[in-house]
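Structure first, commentary second.
The values are calculated or read from the model by the stated rules, or taken from the named source; none is laboratory data. The structure presented is a predicted model; accordingly, all values stated were derived computationally and were not measured. Neighbour counts run over all protein chains shown; Cβ positions are idealised from the backbone, glycine included. These area figures cover heavy atoms from the full protein model, side chains too; ligands, DNA and RNA do not enter into them. Shrake-Rupley method; radii C 1.70, N 1.55, O 1.52, S 1.80 Å.
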Amino acid sequence: MSGRTRLVGVSLKMYMGLARTREWMDAVAAAAREGLPPGVGLFVIPGFLSLRESAEILDGTGVALGAQNMFWEDAGAFTGEVSAPMLREAGCRYVEIGHAERRRLFGETEEVVSLKMRAAIRNGLVPVLCIGEMRRGTPEQAVAECAAQFASAAEGLPAESELVFAWEPVWAIGAAEPAPPDYIAAVAGGLRTLLAGWPRAKLIYGGSAGPGLLTRLGDAVDGLFLGRFAHDVGALRQVLTEAAASAGPAVLQ
Ligand SMILES: O=C(CO)[C@H](O)COP(=O)(O)O
């Protein structure tokens, strides 16, 4: 049975310490145990130090775990790095790759993003590939910029790979509100064309996303990638409810 499923992700970035992350994760697990809406997937991405405990908290809830980054080698003399096998062992299903902050603050290049994409897929992790235009222009300009980033990141990867394409206009990250819904819909239309050859890809929007946005977007995107506006689990619950309302009817196969 399958239908138009929705996907909601949350990255906690470096906003919460270990105790606050535990509290947040406990609240998410409690909400999930009340029953995630049918047709809606949820993944959460805490800091590295909270992964093992989060995996235990989330066990049996249906909520998937992810990491905010990874190194592109599987093992070796790479001081301070975390490998894909380690993330798998910690209980991760997803791994964020190429976030705008890593590109801006840590100099991650397209080549590094490509190496990490290969390593993630090689190790059975689902990449949450973060791509976005630097400045607000026309939707056509945004699609062209994202297409160039995607071509580099996905070069040589099997098109049947499972992939989360997290489109995040860089100018909307950390802002007071998301990009305008008509802009999101226009760019998402172009990105869906880009992803036409990737049958297992999900297109989600990130960049100050929060309650109310999915209702306005309908099925322009497959879901949202939340940041600050999901620190309140009540707001996350609202987004999940909106996602369920926009998920298509289950279709018997
Ligand atoms: O990573 C993000 C979502 O997890 C993205 O950077 C948006 O963050 P926000 O601006 O705090 O929503």
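A few points about this structure:
- Residue in the stretch 14-25 that is over 23 Å from residue 129 (Cβ atoms), open to solvent by 60 Å² or more (accessible area, probe 1.4 Å) and among the small types (Gly, Ala, Ser) present: no
- The condition (being of a type in the set (A, V, I, L, M, F, W, C) and over 21 Å from residue 96 (Cβ atoms)) is satisfied by just one residue among 142, 147, 186, 151: 186.
- All of 88, 102 fail the test of being closer than 26 Å to residue 44 by Cβ, within 15 Å of the ligand (Cβ to nearest atom) and open to solvent by 60 Å² or more (accessible area, probe 1.4 Å), apart from 102.
- Pairs linking a residue in the stretch 38-63 that is on the phi > 0 side of the Ramachandran plot to a residue that is at pLDDT below 95 and in a helix (DSSP H, G or I), with Cβ atoms under 7 Å and 6 or more positions apart or on different chains, are 39/244.
- One residue stands out among those in the stretch 199-228 that are of a type in the set (Val, Ile, Thr) and surrounded by 20 or more Cβ atoms within 10 Å (Cβ to Cβ): the one that is nearest to residue 42 (Cα to Cα), which is 204.
- Some residue of the stretch 41-49 being among the hydrophobic types (A, V, I, L, M, F, W, C) and more than 27 Å from residue 86 (Cα to Cα): no
- Among the numbered conditions (1) more than 15 Å from residue 40 (Cα to Cα); (2) touching a residue at least 24 places away in the same chain (Cβ under 8 Å); (3) part of a loop (DSSP other than H, G, I, E, B); (4) away from the ligand (no atom under 16 Å from the Cβ), the only one that residue 176 does not meet is (4).
- Only listed residue being open to solvent by 10 Å² or more (accessible area, probe 1.4 Å) and either among the basic types (Lys, Arg) or assigned to a helix (DSSP H, G or I) (or both), chosen from 244, 196: 244
- The stretch 198-216 - residue that is touching a helix residue (DSSP H, G or I) at 6+ places or on another chain (Cβ under 7 Å) and more than 14 Å from the ligand (Cβ to nearest atom) and, of those, farthest from residue 178 (Cα to Cα): 203
- Among the residues of the stretch 117-143, the ones that are open to solvent by less than 10 Å² (accessible area, probe 1.4 Å) and either in contact with a strand residue (DSSP E or B) (Cβ under 8 Å, 6 or more places away or on another chain) or touching a residue at least 60 places away in the same chain (Cβ under 8 Å) (or both) come to 10 in all.
- No other residue among 225, 229 is assigned to a strand (DSSP E or B) and either within 15 Å of the ligand (Cβ to nearest atom) or within 30 Å of residue 154 (Cα to Cα) (or both) apart from 225.
- Of all the criteria given as (1) within 21 Å of residue 191 (Cα to Cα); (2) open to solvent by 10 Å² or more (accessible area, probe 1.4 Å), the one not satisfied by residue 146 is (2).
- Lone unmet requirement of (1) open to solvent by less than 20 Å² (accessible area, probe 1.4 Å); (2) over 15 Å from the mean Cα position of the chain (by Cα); (3) of a type outside the set (S, T, N, Q) for residue 168: (2)
- Residue within the stretch 128-141 that is farther than 22 Å from residue 220 by Cα, within 16 Å of the ligand (Cβ to nearest atom) and assigned to a loop (DSSP other than H, G, I, E, B) present: no
- Exactly one residue among 151, 185 is among the small types (Gly, Ala, Ser), more than 16 Å from the ligand (Cβ to nearest atom) and without any contact (Cβ under 8 Å) to a residue 24 or more places away in the chain, and that residue is 151.
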